[in-house]
1. Where in the range 3-52 are the strands (runs of 3 or more DSSP E), entirely inside, with at least 1 residues that are more than 16 Å from PRO185 (Cβ to Cβ) and either without any contact (Cβ under 8 Å) to a residue 24 or more places away in the chain or within 25 Å of the chain's Cα centre (by Cα) (or both)?
2. So, in the range 20-42, how many residues would count as being acidic (Asp, Glu) and surrounded by fewer than 13 Cβ atoms within 10 Å (Cβ to Cβ)?
3. Would you point out which residue out of ALA320, ALA349, ALA344 is under 24 Å from ASP383 (Cβ atoms), crowded, with 22+ Cβ neighbours inside 10 Å and of a type in the set (A, V, I, L, M)?
4. Does GLY206 satisfy being of a type outside the set (Phe, Trp, Tyr) and in contact with a strand residue (DSSP E or B) (Cβ under 7 Å, 6 or more places away or on another chain)?
5. Scan the helices (runs of 4 or more DSSP H) fully inside the range 157-255 and keep the ones with 3 or more residues being within 15 Å of the ligand (Cβ to nearest atom).
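Please treat every number below as a calculation from the coordinates, not as lab data. This is a predicted model, so every value here is computed, not measured. For neighbour counting, all protein chains shown are included, and Cβ atoms are generated from backbone atoms with ideal geometry for every residue, glycine included.
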Amino acid sequence: MDLAERLNDPALFKTQSYVGGAWIGGDTSFAVDNPANRQKLAEVADVGEAGAKAAVAAASDGFKVWRKTSPFERSRILLKWLDLIQDNTDDLATLITAEMGKPWREAKGEIAYGAAFIEWSAHEAARVHGETLPVPAPGARGWTIRQPVGVVSCITPWNFPAAMITRKAAPALAAGCSLVIKPAPETPLTALTLAELADRAGFPRGVFNLICGDASKLGPIMTGSPEVRMIGFTGSTEVGKLLMRQAADGIKRVALELGGNAPFIVMDDADLDAAAAGVVQAKFRSGGQTCVSPNRIIVQDDVADDFVERLQARISEVKAGDGFAPDSDIGPLIHDEAVERVDALVKQAVSGGARVVVGGQPLADELGGSFYAPTLIEGSGFDSEIARSEIFGPVASVYRAGDEKHILDLANDTPYGLAAYLYTRDIGRVHRMSEGLDYGMIGVNAPMVGSASTPFGGMKESGIGREGGKWGVEEFTELKYVLLSGVNS
Ligand code: SIN
């Protein structure tokens, strides 16, 4: 069957929320649209405050059961969820493409990426353990234990409708926490299908809850309820700060993966072809709508002309189109306001003296959805708006700079510190510059930094905490110290 036609099958996705092992509706609903053609895909129930309260209560009951479930059993259920997700990859990818826009083959890649976090976490569940410690008192013994934090609220974004859920949910579940998840209103359908598959996997009732609705109603309950002990969020720095303020009242734990302003540094000894290919891969993933997307491509002066030419050739080949068309390299942006924002940044850059090398305009009229042309500009100042704010669209902006020190100063001159990229073949530079870059992740001659086994997260205003690897699971545990005296009486 044609992939897009599959969307007409009402059995493909749910439109109600999943709370305490049951599907619940609400008094109101909201529309989910396809950004590639602005057609309505579904009307999803908004569960409101009552639904959010029910979800927190269910998670609180679920936690009592799950924290006592053996880590091997937790692992078994997580692996069942993994199997079900892998078996349903095509349908999940279809939902991602329909509600978010990224090309279908890239959406399949996202399912594989997201599934890897479940696999890793399932195996990690049985490796959460404490240590015995030397203690000063004679006849005493000391040890640590790691226990689950408790009920965790996860608020997830639309740019990775599946992977940003699994990257939080799987380690939290592995650690023994229960969940209340709220997906972005733009992409609830993929999330609801993940909940359906979690139900089939057999998590005990109340362990996995997923609710949809207006953030202004659901958010305060998800962050303010005393039963909730931790908030995991991926999204903008602005919303991250708000959640951190809300969490402060109850001294709740936060794990925040926020905005970025990634420098992509090309040194004069770099393999320029590999660097140009790297920019295209990192920049146009998810249509430029990732928090690790190269925002400032900083090239050493003496290779800049050559590099811009090579990049121009590659970006001219990137094709925007409906994600269900097999030859589309990038899909639409998430909505028309995103197109307007990106276009305003480009126009402002041009009026400040930048040159458009490729693209530079919306493609809504030609393609009939929220499309923006794959774009290359150069010549903006480091103080321009496009250099200082997160572009979140398919626009590559090249800057020229001098020596290593100059480049490091410019790269670090931002409140953000998520990902940076460095292309060089000089091993001394690799060490000096990766140590000098104030970023949580650095890709050296590597355009993709995230994976299930490695720590994903940022410094400064890009966030707190790490997702992935053993760190991702530890994030959802409390470290408890026990001292026993009188052993050698
Ligand atoms: C994000 O943009 O939030 C995540 C990107 C990634 O996992 O690579």
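1. On the way: elements: 17-19, 22-24, 28-33, 40-46.
Result: 17-19, 22-24.
2. Restricting attention to the range 20-42, the residues satisfying the condition of being acidic (Asp, Glu) are 27, 33.
Imposing the further condition that a residue be surrounded by fewer than 13 Cβ atoms within 10 Å (Cβ to Cβ) reduces the set to 27.
Here the count works out to 1.
3. Of the residues listed, the single one that is under 24 Å from ASP383 (Cβ atoms), crowded, with 22+ Cβ neighbours inside 10 Å and of a type in the set (A, V, I, L, M) is ALA349.
4. For GLY206, the condition - of a type outside the set (Phe, Trp, Tyr) and in contact with a strand residue (DSSP E or B) (Cβ under 7 Å, 6 or more places away or on another chain) - is met.
5. Because the criterion is at least 3 residues that are within 15 Å of the ligand (Cβ to nearest atom), the helices (runs of 4 or more DSSP H) in the range 157-255 that meet it are 163-175, 237-249.
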